[in-house]
Amino acid sequence: MNSRVKSDRRTTRWDEHREQRRAELVEAAVRAIDRLGPDASVAEMAAEAKASKPVLYRYFADKNEIHAAVAAWSSARVAEQLLPALTAPGPIRDRIAAGVDGYLRVIEEHPQVFLLLVHHRGDGDLLAAEKGTIAAALAVMLGDSLRSLGVDAAGAEPWAHGLVGLGLSTGEWWLERRTMSRSAVGRYLTELIWHAFAGIADGYGVSLDDLDRKSSLRAATPIEKGRR
């Protein structure tokens, strides 16, 4: 084995170790924010990680970068709950309800993190990239659904961004007010989204029942093939 190969492997191992350590520090920052609130300091995050502030600053340029990493962590948790629910087999209304509940469950588990990101007053919008990523995924799903019905799919992108904004606004209101249970707010949010979709479909002269049937057919196809 030549020296260049050895050097490349050492570099790869170091990169993997650095990424793993950075992820551990982000999770510690999340725990500190969960426990102490949005104003948790870098020193308190470091203490949660059983490290010093200089150690954190080896991985993050400043507090704003730590918050940006927490935003990416939060977005990934939301996407893990939301996107599989929306693409699962079953009636559209049930999928919307599952996606909404998954989203609300994540922000309920980490309310201080969510409120930090929504109310962030640092440099730039911490959620800008995360909102764009989730909206893009929703736009693809909406576009595919509309095209499967044979109607204009141009509205998929603005509708997707509208849904992300709706979710953020509703989540912020709910966590700050806590005037109803998660199941209740989820039911109302699901009804709003469902009726919006139903109204759009009706405007195009199609039925969401048709989309349900097509989704069920696609889900059943691999099973039917396996039986032959």
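The values are calculated or read from the model by the stated rules, or taken from the named source; none is laboratory data. Here the structure is a predicted model, which means the values were calculated and not measured. Heads up, the Cβs are rebuilt from the backbone with ideal geometry, glycines too, and the neighbour counts pull from every protein chain shown. Areas reflect the complete protein model, heavy atoms only, side chains present, ligands, DNA and RNA absent. Shrake-Rupley method; radii C 1.70, N 1.55, O 1.52, S 1.80 Å.
Summary of values
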read-out: Single residue of the stretch 24-80 satisfying the filter (free of Cβ contacts under 8 Å to residues at least 40 places away in the same chain and under 16 Å from the mean Cα position of the chain (by Cα)) that is nearest to Ala98 (Cα to Cα); value: Glu80
read-out: The stretch 154-211: number of residues that are surrounded by 14 or more Cβ atoms within 10 Å (Cβ to Cβ) and polar (S, T, N, Q); value: 2
read-out: Any hit, the stretch 91-106, residues being farther than 25 Å from Tyr204 by Cβ, out of contact with any Gly (no Cβ under 7 Å at 6 or more places or on another chain) and of a type in the set (Asp, Glu); value: no
read-out: Helices (runs of 4 or more DSSP H) fully within the stretch 111-205 counting 1 or more residues that are modelled with pLDDT under 90 and of a type in the set (Ser, Thr, Tyr); value: 128-148
read-out: Residue within the stretch 40-58 that is modelled with pLDDT of 90 or more, open to solvent by less than 20 Å² (accessible area, probe 1.4 Å) and aromatic (Phe, Trp, Tyr) present; value: no
read-out: Positions within the stretch 63-90 being within 16 Å of Phe197 (Cβ to Cβ) and either among the small types (Gly, Ala, Ser) or open to solvent by less than 50 Å² (accessible area, probe 1.4 Å) (or both), in sequence order; value: Leu82, Ala85, Leu86, Gly90
read-out: Any hit, the stretch 220-228, residues being more than 28 Å from Pro158 (Cα to Cα), open to solvent by less than 40 Å² (accessible area, probe 1.4 Å) and either modelled with pLDDT of 90 or more or assigned to a helix (DSSP H, G or I) (or both); value: yes
read-out: Given (1) open to solvent by less than 40 Å² (accessible area, probe 1.4 Å); (2) within 26 Å of Asp34 (Cβ to Cβ), index of the condition Gly143 fails; value: (2)
read-out: Evaluation of Glu24 against (1) open to solvent by less than 60 Å² (accessible area, probe 1.4 Å); (2) out of contact with any helix residue (DSSP H, G or I) (no Cβ under 8 Å at 6 or more places or on another chain); (3) of a type outside the set (Val, Ile, Thr); (4) under 22 Å from Glu109 (Cα atoms) (one fails), failing number; value: (1)
read-out: Of the criteria (1) under 18 Å from Leu189 (Cβ atoms); (2) more than 16 Å from the chain's Cα centre (by Cα); (3) open to solvent by 20 Å² or more (accessible area, probe 1.4 Å), which one Glu109 fails; value: (2)
read-out: Selection status of Arg93, within 19 Å of the chain's Cα centre (by Cα), part of a helix (DSSP H, G or I) and either surrounded by fewer than 21 Cβ atoms within 10 Å (Cβ to Cβ) or not polar (S, T, N, Q) (or both); value: no
